[in-house]
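Each remark here refers to the structure printed beneath this line.
What follows is calculated from the coordinates using simple rules that are stated; it is not laboratory data. Keep in mind that this is a model prediction, so the values were computed, not measured. Neighbour counts are summed over all protein chains in view; Cβ atoms, including those assigned to glycine, are modelled from backbone coordinates with ideal geometry.
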Amino acid sequence: MSASSPSSATVQALLAQAQRHEQQHELQQALLQYVQVLAQEPAHVAAWLRIGRILLISSNWTQAINALQTALALTPDSPDALRMLAYAQFNMGCCEEARATIEKAAACGNADSAVWVLRAWIHSSMDRDPQKTLAVHRDWGRRMADPLTRAAKPLRVTDRDPRKRLKVGYVTADFRRHSIAFFMLPVLQHHDPAQVEVHVFSSGKEDEVTATMRPLVPHWHDVVAMTDDELCRYVRSLGIDVLVDLSGHTMGQRLLAFARRAAPVQVTWLGYMNTLGMEAMDYRLTDYGIDPVGVEAHYSETLFRLACMASYSPPVHAPLREEPPMLHNGYPTLISLNSSTKLTDEMLAVWCRILQARADARLIIMVKENTAEAAQAAMQSRVEAAGMPLDRVFVMHQQPLEHFMELGHVADVALDTSPISGGTTTMHALWMGLPIVCMDAQRAIDASTARTLQGLGFGGEVARDADDYVDRALVLLNDPPRLCRLRANVRDWLSRSVLMNYAGRTAELEKAFRLMWLNYLSGQVRSTDVKSDLEAALHEFSHAGPPAGVAAVVH
């Protein structure tokens with residue numbers, strides 16, 4: 001068919017319309033346009049790929065798999081199609097199939113950064129060995145980030161005053177309805193303008209949460225349209241001293257701007273609990289609970305430990321039911337609130353054992369799919385395969401935040417996932433008054449809930465293994481007075497905890513940035529703990545100065 005034929009012209013027009021809809025996040029309209037393209041050209045590979053992508057964004061895994069398999073039948077070695085298929089398979093609980101698919105994608109000669117990132121995520125989600133986690137992330141770094149670091153133009157730093165007001169830049173796509181916002185809002189509210197000049201480099205879609213956060217930031221930069229190279233040059237032009245990544249290997253990240261050495265001090269924090277695997281990221285902000293002494297070799301970054309790695313700011317709409325609903329229902333209700341990507345078949349089997357041991361208990365599994373139909377398609381067969389009593393297990397699709405925060409009205413106990421545990425979800429569950437059953441672990445990403453409960457000294461049960469997990473869940477279900485005490489006191493307890501001491505946490509963060517800056521100026525990593533004596537470090541630097549041979553250039 002000639003390029004100038006009427007059919008070809010129609011297809012080009014439909015593709016242009018679909019792309020405009022995608023750019024404006026009008027996904028259903030874009031989907032309809034791509035379907036019309038296929039009505040004209042059933043073998044149009046790009047249309048099948050875009051349909052697969054839209055279905056992935058909509059968490060419609062089953063239909064996404066069908067579309068992507070069609071694309072692969074037309075182009076078997078498409079790394080993009082293989083990557084998206086692996087992601088859909090992983091979300092459906094088909095982990096081994098996902099691992100095989102992403103390995104096939106990585107074997108393609110033109111596999112891009114997204115392929116290697118997903119490969120690292122899938123492998124590290126299936127294997128708890130921290131050294132293997134580091135290895136697969138370094139595979140990405142060696143291929144995608146580190147060559148940019150070696151080729152980067154030298155960064156010249158002229159203002160080397162150890163006591164100056166530091167220019168701190170936060171790079172994120174998630175200052176919106178996203179978990180990062182709940183941790184960062186109090187930081188933005190409590191930064192000391194005498195100590196830091198705050199910049200935000202935002203590369204995400206804005207919403208009402210963005211509108212709340214934006215007035216708190218003196219220098220807000222919308223960088224969504226910038227390439228990573230342009231972003232790097234822009235950050236350099238502003239003279240940012242400390243650049244903080246809040247995304248890690250998640251959607252909207254700008255790690256390849258960091259790889260080009262955008263700032264003298266580069267830090268990753270909050271957005272990704274595994275190592276990044278890149279040479280140019282200097283530090284990871286953490287604490288001794290999440291990363292005890294001895295785990296340093298599991299990270300490509302230098303660990304810098306705060307007294308507490310994060311603050312928590314609860315949602316505005318979060319009504320608390322004063323009594324556990326089991327007292328009124330006559331039966332207990334368990335609930336899983338974590339993303340469906342964290343639900344393994346092994347975890348479902350453990351939950352099945354709890355339901356078998358407590359014959360009147362119900363279980364709600366809330367997953368990330370956006371519709372009830374998609375949620376059922378993703379989970380029903382897995383629930384059946386786990387042997388769960390179908391009359392007592394209910395699959396719920398993703399809820400808007402205001403409805404999510406009301407789930408404490410229908411549930412009594414929250415069940416955390418393993419190996420990968422909850423993060424923000426854990427804090428939300430506690431704020432609802434839900435005690436949590438979780439599994440202890442070694443890696444930070446697996447032990448997040450356990451360390452939170454251990455650090456707080458309340459909020460649920462930390463199990464050693466699967467048998468202990470079942471036993472501890474049953475202990476909670478058999479102790480209604482304890483559930484009542486938690487609901488009566490949890491918000492007061494949390495409000496007085498380190499997690500909600502916003503001024504203290506932010507002051508520690510600013511001290512950490514200052515110590516990192518002094519490390520850079522001295523050319524040595526002298527401080528990696530916020531407990532370090534800052535005045536002594538400043539005094540030492542002022543008298544000793546930088547060692548001989550240290551130039552004001554970062555490569």
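Among the lysines, which fall within straight-line cross-link reach of residue 132, defined as a Cα-Cα distance under 27 Å, with same-chain neighbours fewer than 8 residues apart omitted? Result set, ordered by chain and number: 104, 342. Projected onto its three principal axes, the C-alpha set of the range 115-184 covers 46, 36, 21 Å, listed from the longest axis down.
By DSSP, the beta bridges lying fully in the chain are antiparallel in about 5 percent of cases. Taking the charge dipole of the chain about its Cα centre, with +1 at Lys and Arg Cβ atoms and -1 at Asp and Glu Cβ atoms, the residue from 532, 337, 313 reaching farthest to the positive side is 532. Once the Cα-Cα distance is subtracted from the 0.36 nm per residue extended length, the residue 142 to residue 214 segment shows a gain of 22.4 nm.
What base-10 log of the normalised intensity I(q)/I(0) is obtained for the range 43-112 from the Debye formula, alpha carbons as equal point scatterers, at q = 0.22 Å⁻¹? Taken in order of the listed q values, log10 I(q)/I(0) reads -0.86. Taking 12 Å as the straight-line reach from the Cα of residue 164, the aspartates and glutamates in range (excluding those fewer than 8 positions away in the same chain) are 197, 241. Rounded to whole Å, give me the distance from the Cα center of the range 88-134 to that of the range 149-211. After rounding, the separation between the Cα centres reads 30 Å.
Rounded to the nearest 500, what is the 222 nm mean residue ellipticity of the chain from helices alone, with -39500 (n - 2.57) per DSSP H run of 4+ residues and division by all residues? For the chain, the value works out to -14500 deg cm²/dmol. Dipole check for the chain: with +1 at the C-beta of Lys and Arg, -1 at the C-beta of Asp and Glu, and the Cα centre as origin, the magnitude is about 980 Debye. Multiplying the residue separation of residue 507 and residue 16 by 0.36 nm and subtracting their alpha-carbon distance yields 171.8 nm.
Listing 474, 82 from fewest to most neighbouring C-beta atoms within 10 Å gives 474, 82. One decimal place: the segment residue 207-residue 466 gains 89.2 nm when fully extended, by the rule 0.36 nm per residue minus the C-alpha distance.
Based on Cβ point charges of +1 for Lys and Arg and -1 for Asp and Glu, what charge dipole magnitude is obtained for the range 43-112 about its Cα centre, in debye rounded to the nearest 20?
On the way: 5 positive and 6 negative charges, 36 e Å.
Rounded to the nearest 20 debye, it is 180 debye.
For the chain, taking Cα atoms only, Rg and Dmax work out to 24.7, 78 Å respectively.
Annotation: the residues 247, 532, sorted from fewest to most other C-beta atoms within 10 Å of their own C-beta, follow the order 532, 247. For the pair residue 454 and residue 66, label points projected 7 Å from Cα toward Cβ lie 4.7 nm apart.
According to the square roots a ≥ b ≥ c of the eigenvalues of the Cα gyration tensor, what is the shape class of the range 208-293, taking rounded for a/c under 1.5, prolate for a/b larger than b/c otherwise, and oblate for the remainder?
Oblate, since a/c reaches 1.5 and b/c is not below a/b.
Counting every C-alpha pair in the range 242-394, the share spaced more than 28 angstrom apart comes to 47%.
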